[in-house]
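Structure, as structure tokens:
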Amino acid sequence: MTYLLALDQGTTSSRAIAFDAQGRIAALAQREFTQHFPSPGQVEHDADEIWQTQLAVARECVQKLGSADADMAAIAPNIAAIGITNQRETTVLWSRETGRPVAPAIVWQDRRTTARCEALSPAERQLIQSRTGLVPDAYFSATKLQWLLDNVPGARRRAEAGELAFGTVDSWLAWNLSGGAKGSAKGGATGGGLHVTDASNASRTMLMNLHTLQWDDELLALFGIPRAVLPRIVPSSGEIGATAPDLLGAPIRIAGIAGDQQAATFGHGCLAPGMAKNTYGTGCFMLMNTGGQPAASRNNLLGTVGWLAPDTANHPAGQPRAAYCLEGSVFMAGATVQWLRDGLQIIRTAAEVEELAASVPDTGDVFLVPAFAGLGAPDWDGRARGALIGMTRGTTRAHIARAALEAIALQSADVFAAMSEDAGLPLQELRVDGGASRNNLLMQMQADALGVPVVRPHAAEITALGAARLAGLAAGFRFDEQALAASQSAAHRFEPQWPESLRRQRLARWREAVARAKDWARG
């Protein structure tokens with residue numbers, strides 16, 4: 001049997017998942033890795049630990065595809081291709097000679113460059129938004145990379161000399177998978193492995209022109225980024241290279257790369273304009289397919305490349321074409337539940353939150369605004385901070401737990417209201433995935449806050465499936481499309497239950513709470 005292997009590198013764990021031709025999971029492995037918080041507002045990862053955990057789960061997953069005593073070299077030929085999907089915007093800078101990072105990776109949640117973004121002039125902000133589709137923010141990679149070049153001793157000089165390589169996590173994995181510092185020069189870097197990124201990840205750096213799909217010289221000059229440090233932009237679906245022979249038993253084609261949210265959109269089958277999905281992970285990410293041209297936002301949403309690939313899985317021939325999306329991001333979704341567990345310690349496990357929240361009929365007019373890392377779309381306030389408001393002596397941990405779940409749904413409703421207005425397309429239904437989408441109470445809250453049905457498909461691991469399908473297109477792998485369609489049909493459909501008057505009232509009250517949290521961290 002032939003498989004596709006998806007490497008799903010997330011914010012808190014590295015996973016590997018093998019799919020068969022029916023889109024079924026044949027093997028899965030996962031390992032968490034360490035989160036580092038060196039100062040308030042700063043979040044870092046050890047890029048070496050990311051690579052080691054990703055390699056470990058890839059090997060474990062390959063081994064699970066064979067018998068207990070099978071050698072990986074005998075199993076690897078059954079894997080048609082590898083697709084990479086990854087946490088986006090997280091910034092890695094490493095030595096081409098040694099293959100080692102020169103500093104910790106700066107995670108997408110990190111806010112250390114907020115002041116740099118705020119210092120941009122109106123003309124510079126307009127340039128960035130018109131070229132990239134992005135609202136200038138510390139969330140994206142450009143100012144993170146600029147910070148590393150300016151603060152790591154010798155980094156700028158070495159980068160200008162071509163000695164350093166920048167990449168988001170997809171680039172870091174592709175480099176190491178293809179041999180790293182011991183690899184060939186396939187990626188265009190002398191003495192190094194593949195130094196590439198795909199168009200979906202490049203569109204999140206604040207350095208790529210959304211219209212030309214190339215690095216933009218004016219933006220590079222604005223942020224002081226030498227072109228020599230950048231990866232080559234490649235299609236999301238295409239022959240990119242191969243793994244080093246000693247890693248997984250034999251060389252395996254690397255044929256797909258997409259940022260995690262774009263991969264999830266592709267995995268959901270949101271291939272037509274107007275189709276939308278929400279992934280509930282550490283953050284909450286909504287994408288709506290807007291077709292073959294970028295859509296300008298009037299509501300501080302993001303224009304982004306969905307993927308650069310053949311039109312559909314049914315028509316893989318021909319040159320890749322770009323599909324664009326509007327995106328809105330909520331920084332704290334599953335991470336809000338983690339805060340209840342690790343910060344407030346009012347639950348022992350994340351799974352307990354649903355039962356606790358359901359033990360009260362409502363929040364008692366308590367609102368939690370989880371702006372621990374600022375606010376994303378549509379507010380984009382890097383100085384907002386978390387607020388818990390409306391408490392009385394009668395407030396219990398159950399009310400706080402329910403307010404935390406409702407905050408996830410209400411933040412998402414804000415984004416979709418803006419998205420529907422920008423796209424000129426009313427939302428008909430929302431397709432959902434991610435760990436928190438298994439929380440039935442949260443999904444009902446989401447349907448109520450949106451006023452439209454929420455559809456949770458049968459298929460699990462939609463993000464990894466999207467990466468696998470992108471790789472499969474390039475490798476000539478043929479999925480059973482009927483089986484895939486069945487897996488993407490609704491396993492559960494949550495219909496809205498709130499009267500429209502109540503929905504409007506709750507949304508208005510929520511916006512009052514958000515206003516109290518904005519612009520709090522002024523110093």
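Residues in the range 22-34 that are assigned to a loop (DSSP other than H, G, I, E, B) and in contact with a Leu (Cβ under 8 Å, 6 or more places away or on another chain) were compared, and the one that is surrounded by the fewest Cβ atoms within 10 Å (Cβ to Cβ) is Q22. Which residues, taken from the range 44-97, are among the acidic types (D, E) and under 13 Å from N176 (Cβ atoms)? Hits for the range 44-97 are D48, E49. Checking the structure you have, find out if any residue of the range 116-123 is open to solvent by less than 30 Å² (accessible area, probe 1.4 Å) and under 20 Å from the mean Cα position of the chain (by Cα). For the range 116-123, residues open to solvent by less than 30 Å² (accessible area, probe 1.4 Å) and under 20 Å from the mean Cα position of the chain (by Cα): absent.
Just one of the listed residues (A468, A464, A447) is out of contact with any helix residue (DSSP H, G or I) (no Cβ under 7 Å at 6 or more places or on another chain) and farther than 18 Å from G10 by Cα, namely A447.
Against the condition open to solvent by less than 30 Å² (accessible area, probe 1.4 Å), modelled with pLDDT under 90, under 20 Å from the mean Cα position of the chain (by Cα) and within 26 Å of W108 (Cα to Cα), how does G259 come out, does it pass?
Spelling it out, it is not the case that G259 is open to solvent by less than 30 Å² (accessible area, probe 1.4 Å), modelled with pLDDT under 90, under 20 Å from the mean Cα position of the chain (by Cα) and within 26 Å of W108 (Cα to Cα).
Here V229 meets each of (1) over 18 Å from the mean Cα position of the chain (by Cα); (2) within 23 Å of P320 (Cβ to Cβ); (3) buried (at least 23 other Cβ atoms within 10 Å of the Cβ); (4) among the aliphatic types (A, V, I, L, M) with one exception, condition (2).
Identify, from the list A103, A18, the residue that is over 21 Å from D150 (Cα atoms) and surrounded by 16 or more Cβ atoms within 10 Å (Cβ to Cβ). Every option except A18 fails the conditions.
Looking across the range 70-116, just one residue is part of a helix (DSSP H, G or I) and at pLDDT 95 or above, and that is R116. Taking the criterion of being open to solvent by less than 30 Å² (accessible area, probe 1.4 Å), out of contact with any Phe, Trp or Tyr (no Cβ under 8 Å at 6 or more places or on another chain) and in contact (Cβ under 8 Å) with a residue 60 or more places away in the chain, would at least one residue in the range 385-397 satisfy it? Within the range 385-397, not a single residue is open to solvent by less than 30 Å² (accessible area, probe 1.4 Å), out of contact with any Phe, Trp or Tyr (no Cβ under 8 Å at 6 or more places or on another chain) and in contact (Cβ under 8 Å) with a residue 60 or more places away in the chain. Can you spot a residue in the range 130-147 that is aliphatic (A, V, I, L, M), at pLDDT 95 or above and over 30 Å from I25 (Cα atoms)? So far as the range 130-147 goes, yes, one or more of its residues are aliphatic (A, V, I, L, M), at pLDDT 95 or above and over 30 Å from I25 (Cα atoms).
Please specify each residue of the range 344-356 satisfying the condition of being assigned to a helix (DSSP H, G or I) and either of a type in the set (K, R) or more than 19 Å from G281 (Cα to Cα) (or both).
E355, L356
Residues in the range 6-20 that are among the charged types (D, E, K, R), more than 13 Å from the chain's Cα centre (by Cα) and not in a loop (DSSP other than H, G, I, E, B): R15 alone. Taking the criterion of being among the hydrophobic types (A, V, I, L, M, F, W, C) and either surrounded by 22 or more Cβ atoms within 10 Å (Cβ to Cβ) or at pLDDT below 90 (or both), the residues of the range 35-56 that qualify are A47, I50, W51. With respect to the stated conditions, A407 fails to be assigned to a helix (DSSP H, G or I) and either farther than 23 Å from V135 by Cβ or open to solvent by 30 Å² or more (accessible area, probe 1.4 Å) (or both). Given the criteria out of contact with any helix residue (DSSP H, G or I) (no Cβ under 8 Å at 6 or more places or on another chain), surrounded by 15 or more Cβ atoms within 10 Å (Cβ to Cβ) and within 30 Å of K144 (Cβ to Cβ), does W94 qualify? No.
Could you count how many residues in the range 4-14 are surrounded by 23 or more Cβ atoms within 10 Å (Cβ to Cβ) and either touching a His at 6+ places or on another chain (Cβ under 8 Å) or not polar (S, T, N, Q) (or both)?
Residues that pass the stated criteria total 5.
Checked against the criteria, L219 does not count as open to solvent by 10 Å² or more (accessible area, probe 1.4 Å), in contact with a strand residue (DSSP E or B) (Cβ under 9 Å, 6 or more places away or on another chain) and more than 30 Å from V62 (Cα to Cα).
Considering every residue within the range 107-119, establish whether at least one is aliphatic (A, V, I, L, M) and touching a helix residue (DSSP H, G or I) at 6+ places or on another chain (Cβ under 7 Å). Among the residues of the range 107-119, not one is aliphatic (A, V, I, L, M) and touching a helix residue (DSSP H, G or I) at 6+ places or on another chain (Cβ under 7 Å), which makes the answer no.
Remark: pairs (first residue in the range 61-84, of a type in the set (A, V, I, L, M); second residue open to solvent by 60 Å² or more (accessible area, probe 1.4 Å); Cβ separation under 6 Å; 6+ apart in sequence or on different chains) = A80/T2; A81/R253.
When T336, T349 are screened for being open to solvent by 50 Å² or more (accessible area, probe 1.4 Å) and within 25 Å of the chain's Cα centre (by Cα), only T349 passes.
The values are calculated or read from the model by the stated rules, or taken from the named source; none is laboratory data. Remember, predicted model here, so these are calculated numbers, not experimental data. Neighbour counts run over all protein chains shown; Cβ positions are idealised from the backbone, glycine included. Side chains included, ligands, DNA and RNA excluded: accessible areas come from the protein's heavy atoms. Shrake-Rupley method; radii C 1.70, N 1.55, O 1.52, S 1.80 Å.
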